[in-house]
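Here's the structure we're looking at; comments come further down.
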Amino acid sequence: MSAIAANKLQYETFSTKAKTKLSVDNKSFNSTLNIRIKSNETIWISATAFLGIEAARIMITPDRIQIINRLQSTYIDKPFEYIYNYTARELTFQELEDLLIGNAMAFYDNEINQMLTLGDSYLIMGQLENLDFEMTFGENYSLKQTKLSEDSRSQSMQVDYRNFTDVEAFKVPKTVDISLTAEKADLNAEMEYEDIRFNKDVEFPFSVPTRYKKL
């Protein structure tokens, strides 16, 4: 467990551009996601589509989620708990941040979890309230895969991390694939991180045009 903890990325800010293949309820399209994170405070995502036109903007904080849909001139402003329509209720803001970065979620570190050795990989399995989880680590204890499932709500999520690279003394995945099944939506995102930066000044612009309709 100490080796996994030693691999945890500690940073103040993170930013990247992610060329992304998205599939939402069997509708597929390509997008570029500009992702910016201020640790423990803000996750900001801008999604651009054809010809670099922004389609959506998202800002998530520990107590709030806001989404602007520029294609439909609408916006959402909800408590953070709104995200539980799509994810397990045990997922906190910090764990959502970890999911995007490639850190192991904090609940891996519990003495009641099972740990198995599978060749050159390590598997940690456990349960947190109604959430079943599995985390697979490579031989250097970098996180390769996270699986979350909540049978009582027919929700599941799998995140795969590949193509690790060294960036400013950090070892980070360049490929992050997310597959999510929930009552409200099914989503698959295949993301290729480019221009990865840590601890640089970042901004989180977010303003809703007055003519947009609140949902």
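At-a-glance table
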| read-out | value |
| --- | --- |
| Paramagnetic reach from SER73 (point 7 Å along Cα→Cβ, amide N under 11 Å) across segment 183-209 | none |
| Label corresponding to Rg and Dmax of the Cα atoms in Å when calculated from the structure given, among [x] 17.3, 57; [y] 19.8, 73; [z] 15.7, 42 | [x] |
| Inter-label distance, nm, simple model (7 Å from Cα along the C-beta direction), ALA169/ALA6 | 1.6 |
| FRET efficiency, ASN188 to GLU81 (Cβ-Cβ, R0 30 Å, nearest 0.05) | 0.80 |
| Length released on extending from SER154 to LYS19, taking residue separation times 0.36 nm less the Cα-Cα span | 45.7 nm |
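Taken together, the values in this text are just the output of simple stated rules run on the coordinates, not laboratory data. None of these values were measured; they are calculated from a predicted model. Positions of Cβ are backbone-derived with ideal geometry, glycine not excepted, and every protein chain shown enters the neighbour counts.
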